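Participant: Can you keep this structure in mind? I'll have questions shortly.
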Protein chains: 2
Amino acid sequence: MAETPVGFSRSTEDYLKTIYGLESSGGPALTSAIAEVLEVAPPSVSGMIKRLSESGLVEHAPYRGVQLTNAGRRAALRVVRRHRILETYLTSKLGYDWDSVHEEAERLEHAASDDLIERMAMALGNPQYDPHGAPIPTKDGEIEEPETIALVDVAVGEIAELRMVGDRDPDVLRYLGALGLKPGVLFEVVGRQPFRGPITIRVIRSTKKDTDQVIGNELAQLLHCLVTEEEVG
Amino acid sequence: MAETPVGFSRSTEDYLKTIYGLESSGGPALTSAIAEVLEVAPPSVSGMIKRLSESGLVEHAPYRGVQLTNAGRRAALRVVRRHRILETYLTSKLGYDWDSVHEEAERLEHAASDDLIERMAMALGNPQYDPHGAPIPTKDGEIEEPETIALVDVAVGEIAELRMVGDRDPDVLRYLGALGLKPGVLFEVVGRQPFRGPITIRVIRSTKKDTDQVIGNELAQLLHCLVTEEEVG
DNA sequence: GAACGGATTTAGGCTGGCCTAAATTCTAAT
DNA sequence: ATTAGAATTTAGGCCAGCCTAAATCCGTTC
């Protein structure tokens, strides 16, 4: 039956991906943060960190977190590429919704060969973004650093495009989808309540053109936008 | 990250699939046969058999082999369905060749959800056979028992259709492919050498129409045919 | 019917990856 | 400077699955 594994163990790949994600939102990845994302107990993370650092995939400064080595980052980006190509493929070729596709990709990313991933990428025309707007790393590990800001930081009066949604929770995604808020939507920020209150936007380009939407602060932190121009009113 | 597994463990599924395959070529599955297919040592098989029979998936008569229970057969057929749908999908939608598709499906079958498999089946128009001609079990575990006979047993003068190739070895499949021998090909048996010698067929319908092919005995045992009519001449 | 050889199982060990409980280290507040 | 509390690591265990070496069983042959 000779089942040649496609990369590192599933668990190892999940750790690398998680560490990559935590690093890219600033600083070294802390044990407890990794534990929380992966839903395992902190000592399990300590144990895995030891193995990862013996394999040269991370560097560990005891009690102060872990950083990917170049080899580790490369491996992590390969997993991220797989994941995002898979999500894009499942969504555009097999009718998955953007809220349900994450879970399926989560399992397939560890089983799909590079060959399969490249075939899918080819069939899709080598997409640059996944269904949530996240950039897809290239085959050789380049990834675009998005120059977006959270909706919560866009000033009233500005016109912006929703580029990326920073959450995979199906409920959140379904809710946003029902509001028509997917990457590519263009809108103007028309109001913002003080004290971390909700933000009101007016949709300019989308299926729900010309509607106003009120978005809570929490949600507005997840919506990454590209500010297009300033509405001089 | 909450990675809900999609069925039994990968290892368990491989054992069930293997036992199913051995049972369907007669009698109970022997420890050594399972060990050989899975490329593990016999004691590993003994160990797994104990776990499988504790889970009610097989029945074990010590020293005389193992049989699937109904639950075990159901689980095995689900894996077989996944595998064959995947092979068909990869071949017809992503350009895989019939000789390379087995390995990829071998890994994906443990990661793909039923939902994904049904979407693929739908996209393919619910195919009944995989690229090698093997019947695909239905969603609820029905599988067609093919009424084919091996080429080696077809009499000279008979016309038959190649229905199924009983091997997944890439070299074998590439060779057969080069000869144009894939399921669907219609041919007449025009000669057979004595003493387990080679068999000569004349291709009637295929890309290689009207050519003669000489096929060794070993190979001819792998080619499962449907005898169509007798050439009276 | 005794003994040999092959198949099978038991015994005992290893690794990866998870856990809880206990010990340690760091930080921040007094 | 001390110390409480949080974060982390160490200690020690468990299970799945694999391994090798040794014991056992079965069928067959003399």
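Values quoted throughout were computed directly from the atomic coordinates according to the rules given, and no laboratory measurement underlies them. Quick caveat, the model's predicted, so the values are computed rather than measured. For neighbour counting, all protein chains shown are included, and Cβ atoms are generated from backbone atoms with ideal geometry for every residue, glycine included.
Participant: Taking the Cβ-Cβ separation of residue A:55 and residue B:54 as r and a Förster radius of 30 Å, what is the calculated FRET efficiency to the nearest 0.05?
Facilitator: Details: r = 35 Å, r/R0 = 1.16.
Taking R0 as 30 Å, the efficiency between residue A:55 and residue B:54 is 0.30.
Participant: Through the Karplus equation 6.51 cos²θ - 1.76 cosθ + 1.60, θ set to phi - 60°, convert the phi angles of region B:199-206 into ³J(HN,Hα) values in whole Hz; use x for Gly and Pro.
Facilitator: Residue by residue, region B:199-206 yields 10, 10, 10, 10, 6, 9, 9, 3 Hz.
Participant: Give me, ordered by chain and number, the residues 5 or more places off residue B:163 or on other chains with an amide H under 5 Å from its own placed amide H.
Facilitator: B:184, B:224, B:225, B:226
Participant: Let me ask something else about it. Run through the other copies and list how far each one's label point is from that of residue B:93, in nm with one decimal, shortest first; the point sits 7 Å from Cα along Cα-Cβ.
Facilitator: Computed spacing set for this position: 0.7 nm.
Participant: While we're here: So how do A:94-107, B:18-31 stack up, highest first, on mean other-Cβ count within 10 Å? Before the final figure, lay out the partial values.
Facilitator: Working: A:94-107: 19.2, B:18-31: 17.0.
My ranking of the peptides, most packed first, is A:94-107, B:18-31.
Participant: Another question, if that's okay. Per-residue mean of other chain beta-carbon atoms within 10 angstrom of the beta-carbon, peptide B:108-117?
Facilitator: On the way: counts 6, 1, 4, 10, 5, 5, 0, 5, 6, 0.
What the average comes to for B:108-117 is 4.
Participant: List the trypsin sites (Lys or Arg not before Pro) within region A:147-232 that DSSP assigns to loop and that have no more than 15 neighbouring Cβ atoms inside 10 Å. Numbers along the way, then the final one.
Facilitator: Details: sites: A:163, A:168, A:174, A:192, A:196, A:202, A:205, A:208, A:209; in loops: A:168, A:196, A:208, A:209.
Filter output for region A:147-232: A:196, A:208, A:209.
Participant: Once the Cβ-Cβ distance between residue A:100 and residue B:207 is put in as r, and R0 is 30 Å, what FRET efficiency do you end up with, to the nearest 0.05? Don't skip to the end; give the middle numbers.
Facilitator: On the way: r = 41 Å, r/R0 = 1.38.
After rounding, the FRET efficiency stands at 0.15.
Participant: Same structure again: In sequence order, what are the phi-derived ³J(HN,Hα) couplings for region A:28-37 according to the Karplus relation 6.51 cos²θ - 1.76 cosθ + 1.60 with θ = phi - 60°, rounded to whole Hz, with x for glycine and proline?
Facilitator: x, 7, 8, 3, 5, 5, 4, 4, 5, 4
Participant: Can I ask one more? Rg (Å, one decimal) plus Dmax (Å, integer) for the alpha carbons of region A:149-230?
Facilitator: Final numbers for Rg and Dmax: 11.3, 33 Å.
Participant: For peptide A:98-104, what's the mean number of Cβ atoms from other chains within 10 Å of each residue's Cβ? Write down the numbers at each step before the final one.
Facilitator: Details: counts 0, 0, 2, 0, 0, 6, 7.
If you average over the peptide's residues, the count of other-chain Cβ atoms is 2.
Participant: Between copies, how close do the residue A:27 label points come, placed 7 Å along Cα→Cβ, listed in nm from shortest?
Facilitator: 6.7
Participant: Can you list, shortest first and in nm, the gaps between the label point of residue A:46 and those of its counterparts in the other copies, using a point 7 Å from Cα in the C-beta direction?
Facilitator: 3.9
Participant: Using θ = phi - 60° and the Karplus relation 6.51 cos²θ - 1.76 cosθ + 1.60, list the HN-Hα couplings for region B:112-124 in order, rounded to whole Hz, with x at every Gly or Pro.
Facilitator: 7, 6, 4, 4, 4, 4, 5, 5, 5, 4, 4, 4, 9
Participant: Would you look at the GNM of chain A, springs on alpha carbons closer than 10 Å, and say which of A:213, A:193, A:128 moves the most?
Facilitator: Its mean-square fluctuation being the largest, the pick is A:193.
Participant: Which residue in B is nearest the B/A rotation axis when you measure from the C-beta atom, and what is the distance in Å?
Facilitator: That would be B:111, 2.
Participant: Here's something else I'd like to know. Within region B:164-233, which chymotrypsin sites (Phe, Trp or Tyr not before Pro) sit in a loop by DSSP and count at most 13 neighbouring Cβ atoms inside 10 Å? Let's see the in-between values first.
Facilitator: Values: sites: B:175, B:187, B:195; in loops: B:195.
Those that pass, being in a loop and sparsely packed, are B:195.
Participant: Per residue of B:41-54, how many C-beta atoms from partner chains lie within 10 Å of its own C-beta, taken as a mean? Don't jump to the answer; show the numbers that get you there.
Facilitator: Values: counts 0, 0, 0, 0, 0, 0, 0, 0, 0, 0, 0, 0, 0, 0.
Averaged over the peptide's residues, the number is 0.
Participant: If you average the C-alpha positions of region B:140-218 and of region A:42-118 separately, how far apart do those two centres end up, in angstrom?
Facilitator: First find each Cα centre; the distance between them is then 44 Å.
Participant: Quick one: which residues, 5 or more positions from residue B:69 or on another chain, have an amide H under 5 Å from its amide H? H modelled 1.01 Å from N in the peptide plane, none for Pro or chain starts.
Facilitator: B:58, B:59
Participant: How would you rank B:72-84, A:134-146, A:77-89, highest first, on the average number of other Cβ atoms within 10 Å across their residues? Mind showing how you got there, number by number?
Facilitator: Values: B:72-84: 22.8, A:134-146: 15.2, A:77-89: 24.4.
Taking the mean over residues of other Cβ atoms within 10 Å, the ranking is A:77-89, B:72-84, A:134-146.
Participant: Separate question: Charges only on Cβ, +1 for Lys and Arg, -1 for Asp and Glu: so what's the dipole of region B:108-149 about the Cα centre, in debye to the nearest 20?
Facilitator: My answer is approximately 200 debye.
Participant: List the residues whose amide H sits under 5 Å from the amide H of residue A:204, counting only those 5 or more places along or on another chain, with H placed 1.01 Å from N in the peptide plane.
Facilitator: The list, which skips near neighbours in sequence, is A:186, A:187, A:188, A:210.
Participant: Too long at a 27 Å Cα-Cα cut-off: which of A:139/B:93; A:17/A:139; A:139/B:139; A:93/A:182? Please report the intermediate quantities before stating the final value.
Facilitator: Working: A:139/B:93 22 Å; A:17/A:139 16 Å; A:139/B:139 36 Å; A:93/A:182 18 Å.
Pairs exceeding 27 Å: A:139/B:139.
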